[in-house]
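This is the structure I want to talk about, given as structure tokens.
The values are calculated or read from the model by the stated rules, or taken from the named source; none is laboratory data. For clarity, every value in this text was computed on a predicted model and none was experimentally measured. We place every Cβ from the backbone using ideal geometry, glycine too, and count neighbours over all the protein chains shown.
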Amino acid sequence: AKAGIAVKDAKEGSTWAQTGAVDDRVAALMAVMLDLRQRAREQRDFAASDQIRDGLGRLGIVVQDAKDGATWSFARSAS
């Protein structure tokens with residue numbers, strides 16, 4: 001099976017699910033997003049940092065901060 005994202009549109013909104021391994025482009029994009037968020041934190045622009053984290057959260061991506069940097073994962077859907 002191919003890796004990717006499956007999107008389902010409905011009246012109440014769109015939902016998506018991961019359909020395989022993370023594509024290299026997704027991993028690269030997330031590296032950029034986490035780098036931008038880290039730069040905002042270093043500049044003490046916590047509003048921008050929170051906006052990035054919250055925006056990713058709305059997309060079903062969980063950002064976890066640790067001493068050695070942030071990591072990300074897809075949120076587990078409640079089923």
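Just the residues that are within 12 Å of the chain's Cα centre (by Cα) and on the phi > 0 side of the Ramachandran plot, please, taken from segment 24-79.
Gly60
If the Cβ limit is 8 Å and pairs must be 6+ apart or interchain, which residue in segment 35-48 that is free of Cβ contacts under 8 Å to residues at least 40 places away in the same chain and under 16 Å from Gly69 (Cα atoms) pairs with which residue that is part of a helix (DSSP H, G or I) and among the charged types (D, E, K, R)?
Listed by first residue and then by second, the contacts come to Arg37/Arg53.
Moving on. Taking segment 35-66 on its own, how many of its residues are in a helix (DSSP H, G or I), under 20 Å from Arg76 (Cα atoms) and among the aliphatic types (A, V, I, L, M)?
Selection size over segment 35-66: 2.
Residue-wise test of (1) in contact with a strand residue (DSSP E or B) (Cβ under 7 Å, 6 or more places away or on another chain); (2) modelled with pLDDT of 90 or more; (3) of a type in the set (S, T, N, Q); (4) surrounded by 12 or more Cβ atoms within 10 Å (Cβ to Cβ).
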{"residue": "Ser14", "(1), (2), (3), (4)": "yes, no, yes, no"}
{"residue": "Gln38", "(1), (2), (3), (4)": "no, yes, yes, yes"}
{"residue": "Asp45", "(1), (2), (3), (4)": "no, yes, no, yes"}
{"residue": "Ala48", "(1), (2), (3), (4)": "no, yes, no, yes"}
{"residue": "Gln51", "(1), (2), (3), (4)": "no, yes, yes, yes"}
{"residue": "Ser73", "(1), (2), (3), (4)": "yes, no, yes, yes"}
